[in-house]
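What follows is a short report on a single structure.
Every number here is computed from the coordinates shown, using simple stated rules; none is lab data. Bear in mind the structure is a predicted one, so any value in this text is a computation, not a measurement. Reconstructed Cβ throughout: ideal geometry from the backbone, glycine too, with neighbour counts over all protein chains shown.
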Amino acid sequence: MLKTLSLTLKLMVMLALAFVFILPIAWMALGSFRPHEEIFKFANVLEWRTLFPVEWTLQNYADLFFDTAEPFSRFIGNTLAVAATVTIFALFFNSLAAFAFAKMNFRFKRILFVFFISALVIPGEVTLVPTYLLMRNFGWINTYAALIVPSVISVFAVFLLVQFFSEIPRALLEAARIDGASWLRVYQSIVLPAAAPALVTLAIITFLGQWDSYLWPLVVISDQSKQMLQVAIASFTNMEMTEWGRILAADTVSSIPILLLFAFLQKYYVQGITMSGVKG
Amino acid sequence: MRKSKLVRAMTGLLLALTVLAGCSSGGGGNAETGGSSAGEGGSEKVTIKYWRHDNDVEVDTLKQLIASFQKEHPNITVKMEIIPYADYETKIRTALAGKGAPDVMGIDGPNVAAYAYQDAVIPLDDYFAKDGDLDDIAKPVRDSLTYNDQIWAAPLNDASVAMFYNKKMFESKGVELPSKDPNEAWTWEQVLDAARKINDPGKGVYAIDPAWGVGAGEGSAFVKMPFIWQAGGEILSPDGGTADGYLNSPESKRAIEFFNSLYTEKLAAKELPPEAFETGKLGINVSGPWSIGGYAASHPNFKLGEDWDIAPLWKDAKQVTPNGSWNLAITKQSKHPDEAWLFLNWVTGKEGAKVWYEKTKNLPARLSVADAYPELKEYPMNIFVEQSSSFAHPRPVSPAYPTISKAITDLFEEVVLGGKNIDDSLGKAVETIDKAIEKTK
């Protein structure tokens with residue numbers, strides 16, 4: 001009896017919380033079907049019209065996708081391509097580094113690791129201009145390489161993976177070594193499969209980070225046809241006005257991949273956060 | 001030791017990617033392509049890179065002007081690149097620091113002095129003397145772009161703001177409508193009186209948004225500074241050397257007090273929903289010519305003359321309105337300043353300025369353009385034109401302007417939102433500004 005009561009109570013609290021968190025997303029998604037005039041018209045008093053459009057329209061989506069000057073599908077494509085490429089490279093290189101730090105023995109390992117990890121405290125804004133200069137000297141300004149290459153190695157990713165990798169029993173690796181496997185073979189055949197949840201977590205974090213990246217593409221990309229999603233959305237606000245309809249439609253479209261990722265892989269994501277948090 | 005297939009494949013991929021990137025770059029205008037500036041009429045191919053912020057109508061107009069320019073100068077290609085307004089300065093500053101600046105860049109008027117002081121842009125006096133018709137540019141605009149006796153940018157247009165009011169709201173409360181004559185602006189007291197009558201916060205209707213809320217940003221500073229000037233105060237001394245004795249004068253203090261009283265009386269809301277004026281939740285607003293076309297496009301049922309009207313900006317001891325808008329400047333990093341000037345003059349010269357006005361309907365900075373169109377002498381544009389020639393006050397021309405602008409918006413924010421003592425806040429603002437000025441001496 002008491003148990004059902006507490007369960008009902010828990011459920012109600014959870015439902016209320018879910019409602020609070022979903023409300024702004026629902027407002028955004030439903031607002032994208034409103035004509036511009038209506039978007040803030042009912043924002044004052046809470047009623048059904050605050051959330052649901054009175055006059056439904058697809059004009060915002062039409063404006064978004066049929067604008068030849070700022071082709072939105074192009075921005076989505078760019079972002080997908082960059083985010084996927086970065087994610088693949090990041091998984092590979094960061095896991096190799098993490099494997100070395102977690103499982104191999106070499107001189108100055110501890111000092112190197114501490115030195116490397118200490119870069120976690122340097123905010124991205126500090127390295128903005130130096131990285132820009134580097135990209136310029138490589139001749140990469142205004143290219144996808146400037147978006148991809150500097151984003152591949154992530155101190156946080158290495159840190160996260162080192163936490164996971166240290167869970168794998170050393171004995172297992174040593175057995176493989178004795179059987180004649182090279183370190184890379186050990187990495188490929190034993191560590192990677194064992195760390196699948198960690199890699200999925202990292203993939204989500206990296207992909208989301210790229211999907212949402214704003215400052216870096218803003219600075220290195222000037223050619224609009226190469227621009228990334230978030231910068232494109234920001235350009236719907238100018239000095240004189242904000243195109244709310246287009247922004248809501250763009251936000252809705254750009255939320256879909258993220259929501260999908262979350263719906264299916266949320267378990268790993270949460271796991272990744274607790275792991276790195278507790279053990280860090 | 002055998003290298004794993006995966007390792008080889010991935011490393012190869014990354015290498016290929018970097019090589020590819022290396023090849024595809026270098027097409028930009030600023031890349032070291034060699035060859036010095038060819039001067040006028042040179043047949044050498046030159047690319048001028050031009051950065052500006054986003055605005056659909058203005059960008060379309062510029063595309064048209066660039067096309068006609070390239071027809072006239074087949075050896076010059078202009079590459080316009082659009083940057084989101086919100087982070088325009090971030091991008092420009094990173095590029096300047098990283099030696100990746102464009103040849104021509106858009107600059108908001110009051111930031112011109114700072115860029116000139118930092119040696120980021122070049123003076124245009126010689127160019128203007130040759131074929132720029134400098135005298136045709138309205139004097140307040142010219143003044144706002146002059147620093148150290150040199151002119152550093154060419155204006156695309158001017159800007160001014162007026163009092164926008166919800167006519168139906170005034171009529172339903174029986175409030176007398178303000179005059180449309182630019183020489184008969186309402187006083188602060190008249191505005192206050194009308195605001196008290198139309199205020200209805202219970203119904204979600206606020207009387208007035210005196211200066212675009214109390215947030216940060218240049219737009220916010222643009223409409224707040226006039227309160228100080230209207231009261232008879234100033235922000236800096238005439239030589240620009242100090243704010244002490246000016247920003248903390250009794251006149252300036254009175255301006256802050258009046259502004260704050262609108263909020264303490266609950267005539268103005270500390271937070272308004274977006275587009276409050278267009279959706280009938282706000283009685284009095286300030287805005288500029290851009291909103292006339294803007295409202296017509298976004299809220300076609302909210303009609304000028306029926307639902308709302310425009311009156312000159314209010315006055316106090318003096319009638320003062322803000323001025324200045326966006327300009328074009330040539331960067332010091334440009335390798336082709338002569339070609340860049342040809343483009344600048346094409347867009348902002350007498351002919352270009354006419355095209356600019358016809359398409360964008362922005363307030364002209366050139367007197368010849370203001371004369372060429374009868375509609376500029378009629379309501380509602382006559383209000384802005386008359387204000388900008390008779391009552392305009394440039395924002396302080398100082399290399400410390402970015403700090404000054406922030407100190408002003410912070411000052412209003414502290415007093416209105418933070419409820420801080422006005423004298424203390426003024427003292428703090430003066431101190432911040434003077435420190436910044438000291439650094440640029």
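Things to note:
- Surface/4 estimate of mean projected area, convex hull on alpha-carbon atoms of chain B, nm²: 27.6 nm²
- Among the GluC sites (Glu not before Pro) in segment B:332-390, those placed in a DSSP loop whose Cβ has at most 12 other Cβ atoms within 10 Å are B:Glu378.
- In nm, spacing of pseudo-spin labels at B:Asp200 and B:Glu358 (7 Å Cα→C-beta vector): 4.5 nm
- Tilt relative to chain B, helix B:218-230 - C-alpha long axis, 0 to 90 degrees, to 10: 40 degrees
- Using the Cβ-Cβ distance between B:Asn183 and B:Ser237 with R0 set to 22 Å, the FRET efficiency from 1/(1 + (r/R0)^6) comes to roughly 0.15.
- Among A:Ser118, A:Ser213, A:Ser254: highest mean-square fluctuation, GNM of chain A, C-alpha pairs under 10 Å: A:Ser118
- Crossing angle, helix B:350-360 versus chain B [Cα axis fit, 0-90 degrees, rounded to tens]: 60 degrees
- Here B:Thr90, A:Thr4 are placed in order of increasing Cβ neighbour count within 10 Å, fewest first, which gives A:Thr4, B:Thr90.
- Using the alpha carbons alone, the radius of gyration of segment B:150-203 stands to its Kirkwood radius in an Rg to Rh ratio of 1.20.
- Proportion of all alpha-carbon pairs of segment A:1-62 beyond 20 Å (%): 43 percent
- Zone of A:Ile256's modelled label, taken as backbone nitrogen in segment A:35-60 under 18 Å from a point 7 Å along Cα→Cβ: A:57-60
- Longest site-free stretch - chain A; sites: GluC sites (Glu not before Pro), DSSP loop, at most 14 other Cβ within 10 Å: A:168-280
- Gyration tensor verdict on segment A:180-280 (Cα atoms; rounded if a/c is under 1.5, prolate if a/b is larger than b/c, oblate otherwise): prolate
- Computed FRET value (nearest 0.05) for B:Glu44 with A:Phe108, which takes r as the C-beta separation and R₀ as 41 Å: 0.15
- Contact order normalised by residue count of segment A:1-115, Cα under 8 Å, 6+ apart, percent: 16 percent
- Counted by neighbouring Cβ atoms within 10 Å, the residues A:Val149, A:Val114, A:Val220 run from fewest to most as A:Val114, A:Val149, A:Val220.
- Under the simplified labelling scheme, the B:Gln333-A:Phe19 pair shows an inter-label distance of 5.4 nm, with each label point 7 Å from Cα along Cα→Cβ.
- Measuring r between the beta carbons of A:Phe65 and A:Phe264 and using R0 = 22 Å, the FRET efficiency lands at 0.25.
- 20 Å reach of a label modelled at A:Val126, 7 Å along Cα-to-Cβ, counting backbone N of segment A:215-238: A:215-216
- Cβ-to-Cβ counts within 10 Å put B:His336, B:His393 in ascending order as B:His393, B:His336, the fewest first.
- Spin-label model, B:Glu72 to A:Leu2: label points 7 Å out along the Cα-to-beta-carbon direction sit 8.8 nm apart.
- Over all Cα atoms in the protein assembly as shown, the spread is summed up by Rg and Dmax: 29.4, 96 Å.
- Membrane-span-like helices in chain A, defined here as complete DSSP H runs extending at least 30 Å along the helix axis by their C-alpha atoms with mean Kyte-Doolittle hydropathy no lower than 0.0, are A:2-31, A:72-103, A:244-279; this is a sequence and geometry rule, not a statement about a membrane.
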